[in-house]
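Quick notes on the structure that follows.
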Amino acid sequence: MEESAKPGLRIREGDCAVLKRDEVFKAVLVLRRRKVIFEKQWFYLDNAIGHIYGTTFEVSSGGSLQPKKKMEETTTETKEAGTDNRNIVDDGKSQKLTHDDIKALKDKGIKGQEIVQQLIENSTTFRGKTEFAQDKYIKKKKKKYEAVITIVKPSTRILSTMYYAREPGKINHLRYDTLAQMLTLGNIRAGNKMIVMETCAGLVLGAIMERMGGYGSVIQMYPGGGPVRAATSCFGFPESFFNTLYEFPLSKVDSLVSGTFSSETLPSEPEYNVPVEEESNGSVDEKQTLIQETEEESSTEAVMESNETEEQETMDLAAEDTEYKESKEKGNKENIREKQRKQQERRRKLVETAALLEEKNADGLIVASRFHPTPLLLSLLEFVAPSRPFVVYCQYKEPLLECYTKLREKGGVINLKLSETWLRNYQVLPDRSHPKLMMSGGGGYLLSGITVTVEKVQSDASSLEAQKIEEPTSKKRKLQELHC
Amino acid sequence: MSFVEYGDTIKDGDTAIVFLGHESMFPVKVQHGSKTQTKYGVIRHSTDLIGKRYGSKVTCSKGGWVFILHPTPELWTMNLPHRTQILYSTDISLITMMLELKPGSIVCESGTGSGSLSHAIIRTVAPTGHLYTVEFHQQRAEKAKEEFQEHKVEHLVTVKNQDVCKNGFGVSDVADAVFLDIPSPWEAIGHAKSALKIEGGRICSFSPCIEQVQRTCLAMEEHGFTEINTLEILLRVYNVRTISLQIPDLGKAAKDNSSTGFDSSNQSNQGSLYGILQQGTAQFKSGVPLKEMVGHTGYLTFATKSLF
């Protein structure tokens, strides 16, 4: 096997990979001897390790993956076909093979392609169908019996599509094209200093980090005890990307803005890569989701730790009393020192992050959370430099209406725009091209704008009032209309 | 400033965006001694612009004021001089994400056109990626080259003046992504495939007409592309307005103390439901769609090249 020139080209153990079958995606951790369920099939990923991402596999007996070679399509001789369906009666009896017959074929280990062929031959109505109907029939049977899985590398495109289809509740129903708009409107790129506030399982954070390529820095604001970054770990970023990722608790924002920040009281222990299980929405009924994978790992780690301390204790008991007491005290002291060291490190990082925020020179702000956007925007915009874009996502339109109004009152922003995108998929086939039957009913709303310098006002009046005083009277009304 | 990096203060040689108000802005080349005319008066670059912070308010000679903004590809798209029909940020956003562009990506594009998408791609692949863009119209290719130089991004882009359908992109086995916005994209699919890396990549074709899409999808299939997917994206903008609707006068019931219905005398009841300010109207905030919206730009067809 030749050496792959680039890292990340081949599937490696420990990678987060995405399984794909037609339009269905699922993220899994690549581990040996670990059973994976996907689309009603059980298999092991062992054989996939070492292959290039994008390889297609078939599940063979025993649950092992076999790479599928590209088969030559059966030659399209002019097959017999009908002209329309006026004589086709759907009585449910046109297929001569029974459930048991098909099961027997499957048990014999007959390949999917052959099963489809058998179904066609044993269908009384197949010859009478139109070419298009035959095509549709074959496609349908192939989808059911030719189970082919592709293993793809995670990316914003793949993960945002997957999350929207599987667990939209976890990402506040942020549709992937809306996310795409946010990344572009926010001018997310290498070298920026971004402030992000999201409760989308870390998907938005990951998307931003991907577009920044490890350059620049990201400060993630979080509610509660710590940021949830379940999706972020799926991207497979190198460790270096996380050196410039900071986090800051929302609960300290007010104190920072008012200048009364202190690092004394820290929020309770943050849960970084152990994701918080939010309400499951039933679509994830298979046991081995990625989230469960990481949870299992952390629990095995915990078991290992407790084993070690147990061993130590049994050893201690065997020793003499004083020695036992001393070593136990040492053990406790070690634990306490470790805890203190960690706390100090966290405090140091918190102070460092606070300093970064206090510079008030961030290059942009992205908000996508389950919280009402108005208070978030009004406070977090304080940390953004002038002439920088900001984008707020909300599942609903109404909170953004209020946000818009409050921002107008506050001033310091221009080019405010409230928008949503419509996305439509098409079927493109010769003589059969049309939009698909179903389309997404909604993908959320965006409010975007650009910051500008806020004029320092002498009087108590708001900046809008001050502007009125500045301008010559004749131009007053016209200018106000135009500047909004 | 730079189209690929933020700067704080306006410098000589920068391209800045002058913002006059809603839907009213234009780009300006900052130069010592230059003057720019606006409807609010003159802006003198040396005194009013150079050295000022981006985002500042600048008062013009007649007394009105404007904001000076740092350029971004999105602002550039809204203000660039059109030599051709351009792609707007809505389509650009989806293209960027679906082609999986990021710092370090190598991208091939044709046609360059007015450089709208080009600027967005350059911004995304900087500082380590590269854009190879092909334009068969000589003057447009020249103008694009000039603009990239003016915007200080020429190190990230190579402009070629040739016909992509006949001669391809001029590179092979290097691209992570290819983008086509040409009249006959199906003729360039083969060249696109060879420009893409051997291990695979993404392709996108943008066509206004469904017939073009049909031919392109067929060509993609024949060349072994997978995951072929056609979609379109439309932008809906809302204006935030406070609306007052008049409450209809349904008359009064015969008895004096009847308090049914939604009539204007029962303000204490309705006051909680709607923001009734004055007799007979209900007020509320609404996101009002515009009278007209863009209904179609083009169909976007994406596909994947893989080894299999």
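Every number in this text was worked out from the coordinates using simple rules, so none of it is lab data. Owing to the predicted nature of the structure, the values given are computational and were not obtained by experimental measurement. FYI the Cβ positions are ideal-geometry reconstructions off the backbone, even for glycines, and counts take in every protein chain you see.
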Inter-chain shielding of A:421-434 (mean C-beta neighbours from other protein chains, 10 Å cut-off): 5
Hz values of 3J(HN,Hα) by residue in the range A:392-400 - Karplus curve (6.51, -1.76, 1.60), Gly and Pro given as x: 10, 9, 9, 5, 10, 7, 4, x, 6
Radius of gyration, Dmax [the range B:9-71; alpha carbons; angstrom]: 10.2, 29
Relative exposure of B:ILE189, A:ILE52, judged by other C-beta atoms within 10 Å (fewest first): A:ILE52, B:ILE189
Approximate spin-label separation A:THR260-A:GLU402, in nm, with each point projected 7 Å along Cα-to-Cβ: 2.5 nm
Cα centre as origin, Lys/Arg/Asp/Glu Cβ charges: the range B:9-71 dipole, Debye: 160 debye
Fully extended contour minus Cα-Cα distance, from B:LYS285 to B:LYS11, at 0.36 nm per residue: 94.4 nm
Set of the range A:20-47 residues, backbone N closer than 15 Å to the point 7 Å along the Cα-Cβ line of A:LYS106: A:38-43
Tail beyond 21 Å, pair distance distribution of the range B:143-222 (Cα, percent): 35 percent
Amide proton proximity set for A:SER387, modelled H, under 5 Å, gap of 5+: A:THR451, A:VAL452, A:THR453
FRET efficiency, 1/(1 + (r/R0)^6) with R0 22 Å, evaluated for A:ASN425 and A:ASP90 via beta carbons: 0.20
Karplus-derived 3J(HN,Hα), 6.51/-1.76/1.60, for each residue of the range A:421-430, Hz, glycine and proline x: 10, 9, 10, 9, 9, 10, 9, 10, 9, x
Cα-based equivalent ellipsoid, the range B:1-123: semi-axes from gyration tensor eigenvalues, Å: 30, 15, 12
Rounded to 10°, Cα long-axis angle of helix B:138-150 versus longest principal axis of chain B: 70 degrees
